[in-house]
Amino acid sequence: MTLVDISDVALERAAAAARQAGVPLRVERVDVEEAPLPPGPYQLVLCMNFLWRPLFEAIPRVLEPGGLFVFAQPTRSNLQRNPHPSARFLLTGA
């Protein structure tokens, strides 16, 4: 399993939780707005709370045939409850 994030704090927390649970985890600090995704192939790509539309073009190149892409993203209505993430990372809700 590989975790890619720009946040050192997120990577450290995930690595610690994985160690405690006995789950093998490779972490990579990558700014996907500046650098490509690590090469796959991956069975699953999970993208949570990060909206950067050019990333969608890269997903098919790192997924193995039959792999899954799961995307979860809050909408701008999230700003009514929480100031983060900023509006540029939120979808417009219907």
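The values are calculated or read from the model by the stated rules, or taken from the named source; none is laboratory data. Predicted, not measured: the structure shown is a model, and the values here were computed from it. Neighbour counts are summed over all protein chains in view; Cβ atoms, including those assigned to glycine, are modelled from backbone coordinates with ideal geometry.
For the range 45-79, enumerate the residues that are closer than 24 Å to VAL9 by Cβ, out of contact with any helix residue (DSSP H, G or I) (no Cβ under 9 Å at 6 or more places or on another chain) and at pLDDT below 95. Break it down into steps so the answer makes sense when it comes.
Applying the first criterion (closer than 24 Å to VAL9 by Cβ) to the range 45-79 yields 45-52, 55, 70-74, 78-79.
Among the residues that remain, those that are also out of contact with any helix residue (DSSP H, G or I) (no Cβ under 9 Å at 6 or more places or on another chain) are: 46, 48, 55, 70, 72, 78.
Those that are closer than 24 Å to VAL9 by Cβ, out of contact with any helix residue (DSSP H, G or I) (no Cβ under 9 Å at 6 or more places or on another chain) and at pLDDT below 95: LEU46, MET48, LEU55, ALA72, ASN78.
Taking only the range 73-94 into account, find how many residues are outside any helix (DSSP H, G or I) and over 12 Å from the mean Cα position of the chain (by Cα).
Taking the range 73-94 and keeping what is outside any helix (DSSP H, G or I), we get 73-75, 81-86, 90-94.
After this cut, where a residue has to be over 12 Å from the mean Cα position of the chain (by Cα) as well, the list is 74-75, 81-86, 90-94.
Going through the range 73-94 one residue at a time, the tally reaches 13.
For the range 42-72, name all the residues that are part of a loop (DSSP other than H, G, I, E, B) and exposed (fewer than 11 other Cβ atoms within 10 Å of the Cβ).
Keep residues of the range 42-72 that are part of a loop (DSSP other than H, G, I, E, B), which gives 49-54.
The answer is ARG53, PRO54.
Please find, among SER7, SER86, the residue that is without any contact (Cβ under 8 Å) to a residue 60 or more places away in the chain and either surrounded by 10 or more Cβ atoms within 10 Å (Cβ to Cβ) or among the charged types (D, E, K, R) (or both). Even if it seems obvious, please write down each step before you answer.
Working: SER86 fails: either surrounded by 10 or more Cβ atoms within 10 Å (Cβ to Cβ) or among the charged types (D, E, K, R) (or both).
Result: SER7 is the single residue among SER7, SER86 that is without any contact (Cβ under 8 Å) to a residue 60 or more places away in the chain and either surrounded by 10 or more Cβ atoms within 10 Å (Cβ to Cβ) or among the charged types (D, E, K, R) (or both).
Among the residues of the range 1-35, what is the count of those that are of a type outside the set (Ser, Thr, Tyr) and in a loop (DSSP other than H, G, I, E, B)?
Let us first name the residues in the range 1-35 that are of a type outside the set (Ser, Thr, Tyr), namely 1, 3-6, 8-35.
Right, trim to in a loop (DSSP other than H, G, I, E, B) and you get 1, 6, 22-25, 30-35.
The qualifying residues number 12.
Taking the condition of a type outside the set (Val, Ile, Thr), surrounded by 13 or more Cβ atoms within 10 Å (Cβ to Cβ) and part of a loop (DSSP other than H, G, I, E, B), does PRO38 pass?
On the way: of a type outside the set (Val, Ile, Thr): yes; surrounded by 13 or more Cβ atoms within 10 Å (Cβ to Cβ): yes; part of a loop (DSSP other than H, G, I, E, B): yes.
Against the criterion (of a type outside the set (Val, Ile, Thr), surrounded by 13 or more Cβ atoms within 10 Å (Cβ to Cβ) and part of a loop (DSSP other than H, G, I, E, B)), PRO38 qualifies.
Against the condition touching a strand residue (DSSP E or B) at 6+ places or on another chain (Cβ under 8 Å) and exposed (fewer than 14 other Cβ atoms within 10 Å of the Cβ), how does ARG26 come out, does it pass? Explain how you work it out, then say what you get.
Numbers: touching a strand residue (DSSP E or B) at 6+ places or on another chain (Cβ under 8 Å): yes; exposed (fewer than 14 other Cβ atoms within 10 Å of the Cβ): yes.
The answer is yes for ARG26.
Determine whether the range 10-20 contains at least one residue that is among the basic types (Lys, Arg), within 12 Å of the chain's Cα centre (by Cα), under 30 Å from ASN82 (Cα atoms) and surrounded by 10 or more Cβ atoms within 10 Å (Cβ to Cβ).
Taking the range 10-20 and keeping what is among the basic types (Lys, Arg), we get 13, 19.
Cutting the leftovers down to within 12 Å of the chain's Cα centre (by Cα) gives us none.
No, every residue in the range 10-20 fails to be among the basic types (Lys, Arg), within 12 Å of the chain's Cα centre (by Cα), under 30 Å from ASN82 (Cα atoms) and surrounded by 10 or more Cβ atoms within 10 Å (Cβ to Cβ).
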